[in-house]
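Following: one structure in structure tokens, then a few remarks.
The values are calculated or read from the model by the stated rules, or taken from the named source; none is laboratory data. Keep in mind that what you see is a predicted model, and the values were worked out from it rather than measured. Cβ atoms come from the backbone with ideal geometry, glycine included; neighbour counts cover every protein chain shown.
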Amino acid sequence: MFPARTWNRPQGAPRLLLSLTALAVFVALLTGALRARASGSLPPPGDYTVDVGGSSVGFSVTEFLVNNVSGHVTVGDSLATSQLQASVNVGSIDTGVHMRNEHLLAPEYFDAARFPQMQFTSKAIWGTPDNFGIKGSLTIKSVTKEVVFSARILDGGIVVAETKIDRTDFGMTAGGTIKNEVRLRLQIRMTRAPQ
């Protein structure tokens, strides 16, 4: 038989085990919270307006938000019978840097003086509330292109949607050092429209 050996546990072993256990519990809770957060459901059928205070459009080349979003959502019996229309006030661009804001509002980018609104109108919506597509027309600087957003509804009726666009398709050709591909992220909170 083998001789009996004693093992001296290192001093930090209980702390390490406790830390690893705490980390595993944290990851499990976070994963559960994210699943719960992404498991929103389709609101009851009816007309909704876009809540200006809880909605935004984000662009990520240089991270910036457009906070003045308005619109109308008609929720049908299913996603397929629902419709979305949104308008964005270009003048509400906020990068956190005043000079950059002014630069983006200038003619070589959004040309906010001539084109104060961006607009999106859905043509087709399909899928399930936790994973659906929205195809529609996006208009920036009077140029309209078809785009497809991948989206989901979070708890509380918040719709989160993302797509990628080529900024040069919309007449934004300045800034040769800036990538042409721009990720567009919508966060839309809906409130029941007055009857």
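Descriptive notes on the structure:
- In the stretch 49-67, the condition of being among the acidic types (Asp, Glu), at pLDDT below 90 and either surrounded by fewer than 18 Cβ atoms within 10 Å (Cβ to Cβ) or in contact with a helix residue (DSSP H, G or I) (Cβ under 8 Å, 6 or more places away or on another chain) (or both) is met by at least one residue.
- In the stretch 81-92, the condition of being out of contact with any helix residue (DSSP H, G or I) (no Cβ under 9 Å at 6 or more places or on another chain), surrounded by 15 or more Cβ atoms within 10 Å (Cβ to Cβ) and in a loop (DSSP other than H, G, I, E, B) is met by at least one residue.
- Among (1) surrounded by 14 or more Cβ atoms within 10 Å (Cβ to Cβ); (2) at pLDDT below 90; (3) in a loop (DSSP other than H, G, I, E, B), the one test that residue 96 misses: (1)
Residue by residue, here is whether (1) touching a Phe, Trp or Tyr at 6+ places or on another chain (Cβ under 8 Å); (2) on the phi > 0 side of the Ramachandran plot; (3) among the acidic types (Asp, Glu) holds:
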| residue | (1), (2), (3) |
| --- | --- |
| 100 | yes, no, no |
| 108 | no, no, yes |
| 113 | no, no, no |
| 116 | no, no, no |
| 130 | no, no, yes |
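- Those residues of the stretch 99-133 which are surrounded by fewer than 14 Cβ atoms within 10 Å (Cβ to Cβ), in a loop (DSSP other than H, G, I, E, B) and modelled with pLDDT under 90, in sequence order: 108
- Top-ranked residue of the stretch 179-191 - restricted to ones that are surrounded by 13 or more Cβ atoms within 10 Å (Cβ to Cβ) and in contact with a helix residue (DSSP H, G or I) (Cβ under 9 Å, 6 or more places away or on another chain), ranked as farthest from residue 133 (Cα to Cα): 180
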